[in-house]
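To keep things clear, I will list the structure first and then write my remarks on it.
Derivation of every value follows stated rules applied to the coordinates shown; laboratory data play no part. Source: prediction; values computed, not measured. A quick note on method: Cβ atoms are made from the backbone with ideal geometry, for glycine too, and the neighbour counts reach across all protein chains shown.
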Amino acid sequence: MALARRSATMAMATLLLLLGLQFEIGFAANYTVGDDGGWSFGVSDWTKGKSFKVGDILEFNYSPQQHNVVVVDENGYETCTAGGDAKKFNSGHDQIQITGKTFFICGFPGHCDSQNMKLAISV
């Protein structure tokens with residue numbers, strides 16, 4: 001009897017957890033990176049005062065002839081380098097869903113390291 005009650009309690013707790021996650025994702029916010037200025041030089045401070053959650057959407061607007069968006073790891077962010085397996089975007093209007101702590105750089109030479117065109121998102 002106690003085992004059945006414990007199993008039912010665990011099942012209910014799991015269900016509530018899953019519903020809570022769906023509720024959180026269901027209210028995801030959309031953010032335009034850099035606001036009106038878009039994905040451009042000096043954008044790394046854009047995150048200040050913002051609170052991001054898993055499921056939020058980041059929209060990167062830029063000229064694909066001048067910039068791109070590369071998802072990198074923390075080392076890639078610090079060193080402004082993209083490994084061979086880095087995910088690259090170049091449409092000029094990229095929408096990327098946040099799945100956790102995420103780092104972005106512009107892969108054009110000199111844009112990340114000299115022009116501070118990089119972004120770290122914490123959730």
- request: Please verify whether segment 78-97 includes one or more residues that are surrounded by 15 or more Cβ atoms within 10 Å (Cβ to Cβ), within 9 Å of the chain's Cα centre (by Cα) and in a strand (DSSP E or B).
  value: yes
task: Just give me the residues in segment 101-123 being out of contact with any His (no Cβ under 9 Å at 6 or more places or on another chain), within 12 Å of VAL71 (Cα to Cα) and part of a loop (DSSP other than H, G, I, E, B), in sequence order.
output: LYS101
field: First in segment 96-112 and touching a residue at least 12 places away in the same chain (Cβ under 8 Å), second anywhere and of a type in the set (Gly, Ala, Ser), Cβ under 7 Å, 6 or more apart
entry: GLN97/GLY55; ILE98/GLY55; LYS101/SER122; PHE103/GLY76; PHE103/ALA120; ILE105/GLY76; ILE105/ALA82; GLY107/ALA82
task: Would you point out the residue of segment 81-92, among those that are out of contact with any strand residue (DSSP E or B) (no Cβ under 6 Å at 6 or more places or on another chain) and not polar (S, T, N, Q), that is nearest to VAL33 (Cα to Cα)?
output: GLY92
